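Here the structure comes first, spelled out in structure tokens, and everything after it is commentary.
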């Protein structure tokens with residue numbers, strides 16, 4: 001029995017959303033590696049990608065409201081699209097705070113964390129490709145869960161180090177906020193993975 005019709009438009013939208021996430025995450029990561037001088041240019045690129053993500057989610061909701069028979073439960077389609085949008089928003093918010101707070105130098109832990117977001121994006125892409133092709137996807141969800149746990153460990157260590165070493169309270173607050181936004185972005189990735197796992201259970 002076919003779980004998902006290959007021609008179903010919703011999964012084209014999901015793949016487009018995830019590709020936006022991958023591009024935005026890659027832009028963020030490269031900018032943190034290159035340093036503060038590249039952040040302003042990268043921020044504009046990420047803003048455009050975030051706007052494209054908003055357009056895609058609008059298309060998903062418009063089609064969802066006009067489609068009587070969907071390949072998945074409508075609430076799952078809504079949830080997947082919304083959580084993917086959260087990921088894009090989290091990447092955009094991370095970039096914005098790095099620029100607004102003039103974080104310089106960018107701590108190596110932030111570079112590591114943006115790299116984890118890139119890895120989450122790649123795993124999301126593999127998961128949605130597997131979903132659209134009716135292939136197993138749980139391994140990709142498990143990898144996202146692992147990456148989210150790794151990000152939590154890095155953030156906890158970085159914040160603990162901040163309170164031990166940072167003497168400027170304003171700088172401490174700025175860096176702590178950026179770390180927390182990055183951590184929340186990886187949480188959003190895990191939210192997508194959790195919905196995907198639920199979809200598999202429902203349709204197995």
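The values are calculated or read from the model by the stated rules, or taken from the named source; none is laboratory data. Quantities reported herein were computed from a predicted structural model and do not represent experimental measurements. Backbone-built Cβ (ideal geometry, glycine too); neighbour counts: all protein chains shown.
Observations
- Condition met for residue 164 (exposed (fewer than 12 other Cβ atoms within 10 Å of the Cβ), at pLDDT 95 or above and either touching a strand residue (DSSP E or B) at 6+ places or on another chain (Cβ under 6 Å) or farther than 20 Å from residue 97 by Cα (or both)): yes
- Residue in segment 189-201 that is more than 22 Å from residue 77 (Cβ to Cβ) and either more than 21 Å from the chain's Cα centre (by Cα) or surrounded by 15 or more Cβ atoms within 10 Å (Cβ to Cβ) (or both) present: no
- Any chance residue 181 is closer than 22 Å to residue 28 by Cβ and touching a residue at least 60 places away in the same chain (Cβ under 8 Å): yes
- Flag if residue 134 is under 17 Å from residue 22 (Cα atoms) and either in contact (Cβ under 8 Å) with a residue 40 or more places away in the chain or touching a strand residue (DSSP E or B) at 6+ places or on another chain (Cβ under 8 Å) (or both): no
- Within segment 115-131, the residues that satisfy the criterion of being surrounded by fewer than 19 Cβ atoms within 10 Å (Cβ to Cβ) and either free of Cβ contacts under 8 Å to residues at least 12 places away in the same chain or more than 13 Å from the chain's Cα centre (by Cα) (or both) are 126, 129, 130.
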